[in-house]
Structures are given as C-alpha cells and as structure tokens.
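Colleague: Quick one: this structure, given as structure tokens, is what I'll be asking you about.
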Amino acid sequence: MASRQSKKRPEPAQPWSGRFDEPVDELVKRFTASVGFDQLLALHDVRGSLAHARMLAAREILSPSDLAAIERGLKQIEREVSGGKFAWSLDAEDVHLNIERRLVELVGDAGKRLHTARSRNDQVATDVRLWLRGEIDRIAGQLEALQRALLEQAERHAATVMPGFTHLQVAQPVTFGHHLLAYFEMFERDRERLGDCRRRVNRLPLGAAALAGTTFPIDRARVARELDFNEVAANSIDAVSDRDFAIEFAACASLVMMHLSRFAEELVLWMNPRFAFVRLPDRFCTGSSIMPQKKNPDVPELVRGKSARVFGHLMALLALMKGQPLAYNKDNQEDKEPLFDTVDTLRDSLAVFTSLVAGLEARPENMREAALEGFSTATDLADYLVRKGVAFRDAHGVVARAVREAELTGCGLSGLPLAVLKRFSSAIDKDVFQVLTLEGSVAARDHIGGTAPRAVRAAVARGRKRLAIWGEQ
Ligand code: ARG
C-alpha cells in the first residue's frame, strides 16, 4: 500500500478535514450544518472576533500588521452581513467557519491566525450570550411599554366597577383598574427575573477554547471589558458546555407568555357578548369566511396558543442538556432554533399585546350590571355585621339566609326591604344600604393593594415611579 503521506493531498475542503480520507457525505454536510439559522449571530461573531484579535495583538500573540488586516477584513464582513450581501455557504457549515473563510479570502494568512487561542466552542457560547443579552434588553423595554399601557388604562378605570371572580363565579366587586394592575405586577416580576437572568448571561466564555483553556498568555479580562461582559466564566469546561443561561431565559420567557396567555384568556371571555366587558378595536380582530356576523379575538387567542410553543422550547432545551457529558457536544447546536424562536415569539406577542391593551375599550355599564348580579356585596354585609358585634361565622350564616331570600324574591341584597333584612339579624339598620352598593364596597377596601379607586390611583403613581427608577438604572 502506497504511503498516504507521499501523495500530495489537495487543500482540505473543511478547515477541520485535514485528517480525513474522503470528503464529507452530502447528506451529512446538510445534516450537520447550522449556517441556515446561526447566521443570525454573524454580527456578534464579528464583534467577538474583533475583541479576541485585539487582545491577541495586545499580548503580542498577533502582529500589529496581522491585527490591522483582520480588523479591515472583519469590518468588510460586517458591511456585507448588514447589507445582506454576505454569501453564506453550506460548505462552511456554520456562521463561524463562513466568516473565517471569507476573512481568509479577504486578507489572506492574517485571517488564518485569528483562531489562535480560541475554539468554536468558546466562540459560539460567546456569540449566543452577546446576542441574548441584547434581546433581553429589548424585551425588558417591551415589557415596560406594556406596563405603561396598563397604567394608563388603570388610571382611566380606577373607579370603574366590575365583578371580581373566584372559580369564575361572581365573588366581590373590584375596580377594572385594580384588575389591570394585577397584570402590571406580573410583568414587573417578569422584568425583575429577566434582569436577574441577564447577570448570568453576561459572563464571558472566550478563553475556555475547546474545553481546557489555552497555552497562550491571553487576557480574558480585557476581552470581557471590550465586550461589556461583567464577568469572566470561571471554569473553562463549564464555560463551553452549559446552556443553563439559555434555559433560564426560556423559563423567564415562558412565565411572561403564561401571564400574557391568562390575560388573553380574559380578553376572549370579556369580548364574548354574554360578558361584553370590552370592545377590541376592529384592527385587532378578524372575521369568519362563512359567518358574516363574526368578530373573532384571533390576536389574544394566538398569544394564548403561542405560549404553548414557548413552553415547548423550554422543555426542548432542558431535554437537550440533561444527558450531555461534559464538555461541549454537538447536541448544543440544537439550542439555537428553540432559543431564537422563543425570542421572536415573545417579542411579537409583547408588541401586539401592548397595542391591544392601549386600544382596549372598556364598557363600564356592562361591567357594573354584571357586578350587580350574584350578590357580590354579600361579604360586605357580613363585615358590616361583624362591625356591629356579630361573630364572623354567625354573620356568614345570616348573610347566606338573606341571599337565599333575595334569590327567591328575584332581587339583589340591596333590593330587600329593611324590615326583611332585620328578620335575619336585629343588628341590621338602615345604614346597611350604603355598604351594599358596589361603589361603597370597593371604596371601603382602601389600603395598599386594595381595590378602592383611591388605592388604585396611588398604585398607578407608585407604578410610574417604579418604571422611572428602572429607567435610571
Ligand atoms: N455550530 C456549532 C454550534 O452551534 C459551533 C461549535 C462547533 N464546535 C465543534 N467542536 N464542532 O454548537
């Protein structure tokens, strides 16, 4: 057998195929390639490479002239990518190798030196973190916009009374503003969570190289500074292998989607003519191709549906990680599509929902009417009796009997004459009627976290202040 070494071998097709005897199978090439989707990371890849090259030069691992050539080439690539002119090729497998190949085309040997003290393993982890950090900031801004829309509506409807539900049955009157502020709080926590997640996203993997670090005298702190990372990943094996930051983000995103989905569910209910609590602007609704009368809440329904898709991505990422031995495995290439789609879905859902909330038209007369049904002020009557010295458990029984009587008569509690009410408890007097009104009921819950119009207005003011403080940070 002739020695392979003696034959002149052609230039390898892939930067890694020097040791291979045959070119990679076409199907395998397509199967293993990620350039179709990871090209989204291109600008971050360039940015990371620039920082890496500058550090190599500062440490005299790279000559000043090589650095100049690399910078010139990468700037050119940046322009090509931004202008949609970069020629992506499946042959070069992924975003990193595509860019490296183009760099060598543009600047020759200097381009081949860029990969010193680096691996695609620490490179990809860096790119994803850089990208995700920017997306987290945009999403936080979108959450804030949604919160502002909620504050506006809450202020407008601080005194609009609606039935509050438990078990989806009328429970007690609340103000619509208060109900909306419940969502303000949920999105506030979502924003806190994202901010916390960002801290762990914002750590620099570069320097870990393939898994064990590098023999070159690198300066990781310098790269971290240039790329605005607030820390350097402390263990090289961990830095290239774990995607917990992506999972954590998907969990934060899932919680936002879950909150949006609950809100969406309420909008669908409220828009039903049996409720008729709100009108959604026509521009957010669609019709039916067969039923001419229909106006469908497709937007909230789709947001509700899309939450399922984001939860699926969270599960996919968890499952992707759980069986992987340390350190990097190609499995990790599968982290991108779920992560990218999570961001796209969340961002679209937030954008559409914010416009929806801003354009939401409440129908206070219908809300009020619904709150009058179902004896929603029964608890107020019980509290009234307690204030007159009746024990709460006894008061509960008195009110239950009064409710039964009102039901038989076909009226609300305030429709029962005083004489009838007195039959259930002698403690009842004519001052009872003001606690039985919807307005009296909500106004009485005037404390932090309560539903009274005054408390709602104060909560709106606090909410605005909170958003302003976030803005300053
Ligand atoms: N495209 C790869 C990914 O997304 C980049 C890292 C490849 N590293 C490797 N050793 N094959 O994970």
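The values are calculated or read from the model by the stated rules, or taken from the named source; none is laboratory data. Only a predicted model underlies this, so the values are computations on that prediction, with no experimental measurement involved. Cβ atoms come from the backbone with ideal geometry, glycine included; neighbour counts cover every protein chain shown. All accessible areas refer to the heavy atoms of the entire protein, side chains included, with ligands and DNA or RNA removed. Shrake-Rupley method; radii C 1.70, N 1.55, O 1.52, S 1.80 Å.
Colleague: How long is the gain from N230 to S82 if the chain were fully straight, where each residue apart is worth 0.36 nm and the alpha carbon distance is subtracted? Could the numbers behind the result be given before it?
Modeller: On the way: separation 148, 0.36 × 148 = 53.28 nm, distance 2.71 nm.
Full-extension gain reported as 50.6 nm.
Colleague: Okay, next question. From the helices alone, meaning DSSP H stretches of at least four residues, give me the mean residue ellipticity at 222 nm for the chain, per-run term -39500 (n - 2.57), in deg cm²/dmol to the nearest 500.
Modeller: Roughly -20000 deg cm²/dmol at 222 nm, from the helical runs in the chain.
Colleague: For the chain, what is the Kirkwood estimate of the hydrodynamic radius, computed as the reciprocal of the mean inverse distance between distinct Cα atoms, to one decimal in Å?
Modeller: 26.9 Å
Colleague: Summing Lys, Arg as +1 and Asp, Glu as -1, what charge do residues with Cβ under 13 Å from the Cβ of M186 carry, M186 excluded?
Modeller: Net local charge, M186 excluded: -1.
Colleague: If R₀ is 41 angstrom, what is the calculated FRET efficiency for the pair E439 and M291, using the beta carbon separation as r and rounding to 0.05?
Modeller: For R0 = 41 Å, the calculated efficiency reads 0.55.
Colleague: If you don't mind, there's one more thing I want to ask. Pop a pseudo-label 7 angstrom from the Cα along the beta-carbon direction at both A308 and C411 and give the gap in nm to one decimal.
Modeller: 4.9 nm
Colleague: Measuring from a point 7 Å past the Cα of R454 along Cα-to-C-beta, which residues in segment 137-173 have an amide N at less than 15 Å?
Modeller: Label zone hits: 159.
Colleague: To the nearest 20 Debye, how big is the dipole of segment 272-342 about its Cα centre, given +1 on the beta carbon of each Lys and Arg and -1 on that of each Asp and Glu?
Modeller: My answer is approximately 420 debye.
Colleague: While we're here: Under 28 Å Cα-Cα from K294, which lysines qualify once same-chain neighbours fewer than 8 residues away are excluded?
Modeller: Answer for K294, where 28 Å is the Cα cut-off: K306, listed by chain and number.
Colleague: From the Cα gyration tensor of segment 329-460, with a ≥ b ≥ c the square roots of its eigenvalues, which class applies: rounded if a/c is under 1.5, or else prolate if a/b is larger than b/c, or else oblate?
Modeller: prolate
Colleague: Follow-up. Would you please give the residues with an amide H less than 5 Å from that of E231, counting only those at least 5 places away or on a separate chain, with H modeled from the backbone geometry?
Modeller: It is L204, by chain and number.
Colleague: Tabulate in residue order the Karplus-calculated ³J(HN,Hα) for segment 336-351, using 6.51 cos²θ - 1.76 cosθ + 1.60 with θ = phi - 60°, rounded to whole Hz; enter x for Gly and Pro.
Modeller: So the J values, rounded to whole Hz, are 6, 4, x, 5, 4, 5, 4, 5, 4, 5, 5, 5, 5, 4, 5, 4.
Colleague: Of F375, I428, T409, which is farthest along the charge dipole of segment 337-473 in the positive direction, counting Lys and Arg as +1 and Asp and Glu as -1 at C-beta?
Modeller: Checked the options; the winner is I428.
Colleague: Another question, if that's okay. Non-local amide H neighbours of V174 (under 5 Å, H modeled in plane, Pro and chain starts lacking H): which ones?
Modeller: Answer set, sorted by chain and number: M162, G164.
Colleague: To continue, here is another question. Once the dipole of the chain is set up with Lys and Arg at +1 and Asp and Glu at -1 on Cβ about the Cα centre, which of M271, A140, A319 lies farthest towards its positive end?
Modeller: Value computed over the given set: A140.
Colleague: In whole Å, what is the distance between the alpha-carbon centres of segment 70-98 and segment 299-340?
Modeller: Distance between centres, Cα-based: 27 Å.
Colleague: Among M291, A171, H52, pick out the residue whose Cα is farthest towards the positive end of the charge dipole of the chain, where Lys and Arg carry +1 and Asp and Glu carry -1 on C-beta, about the Cα centre.
Modeller: Selected residue: A171.
Colleague: Sticking with this structure for a sec: Run the quick spin-label model on Q324 and K465: label points 7 Å from Cα toward the beta carbon, then report their separation in nm to one decimal.
Modeller: 4.5 nm
Colleague: Run the simple label-point estimate for R393 and E185 please: 7 Å along Cα→C-beta, distance reported in nm.
Modeller: 3.0 nm
Colleague: Here's something else I'd like to know. Taking θ = phi - 60°, what integer Hz values does the Karplus form 6.51 cos²θ - 1.76 cosθ + 1.60 yield along segment 136-150, in sequence order, with x for Gly and Pro?
Modeller: 4, 5, 5, 5, 4, x, 5, 4, 5, 4, 5, 4, 5, 4, 5
Colleague: Right, another one. How much of the accessible area of segment 288-400, in percent, comes from carbon and sulfur atoms when a 1.4 Å probe is used?
Modeller: 56 percent
Colleague: Among the lysines, select those whose C-alpha is under 26 Å from the C-alpha of K430, and discard any that sit fewer than 8 residues away in the same chain.
Modeller: Partners found: K388, K422.
Colleague: Further question on the same structure: Would you mind classifying segment 113-251 by shape? Square roots of the alpha carbon gyration tensor eigenvalues, ordered a ≥ b ≥ c; an a/c under 1.5 is rounded, otherwise it is prolate if a/b is larger than b/c and oblate if not.
Modeller: It comes out prolate by the Cα gyration axes.
Colleague: Further, regarding this structure: I need the semi-axes of the equivalent ellipsoid of segment 50-110: take the C-alpha gyration tensor, multiply each eigenvalue by 5, square-root it, list largest first in whole angstrom.
Modeller: Details: eigenvalues 98, 28, 19 Å².
After scaling each eigenvalue by five and taking roots: 22, 12, 10 Å.
Colleague: Continuing with this model, one more query. Would you list which lysines come within 28 Å of K465, measuring only between C-alpha atoms, while excluding same-chain residues fewer than 8 positions from it?
Modeller: Here the lysines satisfying the reach criterion relative to K465 do not exist.
Colleague: If the limit is 21 Å between Cα atoms, which of K29/K322; K29/K330; K75/K112 go over it?
Modeller: From K29/K322; K29/K330; K75/K112, over 21 Å: K29/K322.
Colleague: Looking at the square roots a ≥ b ≥ c of the eigenvalues of the Cα gyration tensor of segment 391-473, which shape do they give, rounded for a/c under 1.5, prolate if a/b is larger than b/c, or oblate?
Modeller: Here segment 391-473 falls in the prolate category.
Colleague: Using θ = phi - 60° and the Karplus form 6.51 cos²θ - 1.76 cosθ + 1.60, what ³J(HN,Hα) does each residue of segment 283-296 get, whole Hz, x for Gly and Pro?
Modeller: 5, 9, 10, 10, x, 10, 6, 10, 9, x, 7, 6, 10, 9
Colleague: Run the dipole for the chain about the Cα centre, Lys and Arg Cβ at +1, Asp and Glu Cβ at -1, nothing else charged, and hand back the magnitude in debye, nearest 20.
Modeller: For the chain, the charge dipole is close to 480 debye.
Colleague: Once both axes come from the Cα atoms, what is the angle between helix 176-201 and the longest principal axis of the chain, in degrees from 0 to 90, rounded to 10?
Modeller: 20 degrees
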